[in-house]
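**Student:** First the structure, then my questions, so here it is.
Every number here is computed from the coordinates shown, using simple stated rules; none is lab data. Everything numeric here is computed off the predicted structure, so don't read it as measured data. Here Cβ is always computed from backbone atoms with ideal geometry, including for glycine, and neighbour counts include all displayed protein chains.
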């Protein structure tokens, strides 16, 4: 089968972005090195992305910020996918009252304005990147639950699942052996698409001061800090903002490519709310 162009391009971009984040300790070993005599310098051969208000190299801080943003997004996606897949699989496979109760709870959660609720939760728990990750992870669970339930409903009536039940397989064995492994491909597509959305959400919370806190570096926080200097020191916000756009685009392309490869009939149907 011919690989979709979006899969190739997105995969290549994601590989480069992840590699840059992994190599940050070697490419830019000290993102917090202060040089007050070099504050707010424009991009140059010495400082590729310029410097910030206390003379720290912005290229170094962008690399470490990318590392933090990717780690936060991955934590959100893993948390939401594990919990959501378990809830959705249980709901779709068992059906009846269990399905009704669980899905009504998921519908109620999905009806809430996610980012606003995440802001409120983070403000209550305390402004920090771990709390932002926790809030966004909890609010993302319903999306995985809906996708997993739809797949589990279809799988529950398959012959191999019925045969396994006749042979005495219990609920958890059915979920572990027959249901969850067979819906993993669809969940993987959602996870890939969700990483881009999670990066944007983390950046938004950090932008308004509810995510990463100084002196840590995170892409949204860099954009937020740089907006104070945007009229004259344009590079401060521009470069981290471009990295956010490129990273989100890369993961969205990869997710679209995976979706087209796994289910070509899906077309342009979105799997993420």
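**Student:** Can you name the residue in the range 156-183 that is in contact (Cβ under 8 Å) with a residue 60 or more places away in the chain and within 15 Å of residue 86 (Cβ to Cβ) and is also surrounded by the most Cβ atoms within 10 Å (Cβ to Cβ) among such residues?
**Tutor:** 179
**Student:** Let me ask you something else. Quick check: is even one residue across the range 203-213 more than 14 Å from the chain's Cα centre (by Cα) and assigned to a helix (DSSP H, G or I)?
**Tutor:** yes
**Student:** For the structure I just gave you, tell me whether residue 169 is more than 30 Å from residue 34 (Cα to Cα) and not in a helix (DSSP H, G or I). Walk me through it before giving the result.
**Tutor:** Details: more than 30 Å from residue 34 (Cα to Cα): yes; not in a helix (DSSP H, G or I): yes.
Yes; evaluated as a whole, the condition is true for this residue.
**Student:** Also, I was wondering about something else. Quick check: is even one residue across the range 29-47 part of a loop (DSSP other than H, G, I, E, B), surrounded by 13 or more Cβ atoms within 10 Å (Cβ to Cβ), at positive phi and free of Cβ contacts under 8 Å to residues at least 60 places away in the same chain?
**Tutor:** no
**Student:** Further, regarding this structure: Under 9 Å between Cβ atoms, at least 6 apart or on separate chains: pull out the pairs that start in the range 12-28 with a residue that is in a helix (DSSP H, G or I) and end on any residue that is surrounded by fewer than 16 Cβ atoms within 10 Å (Cβ to Cβ).
**Tutor:** Qualifying pairs under 9 Å: 13/246; 13/249; 17/246; 20/27; 21/71.
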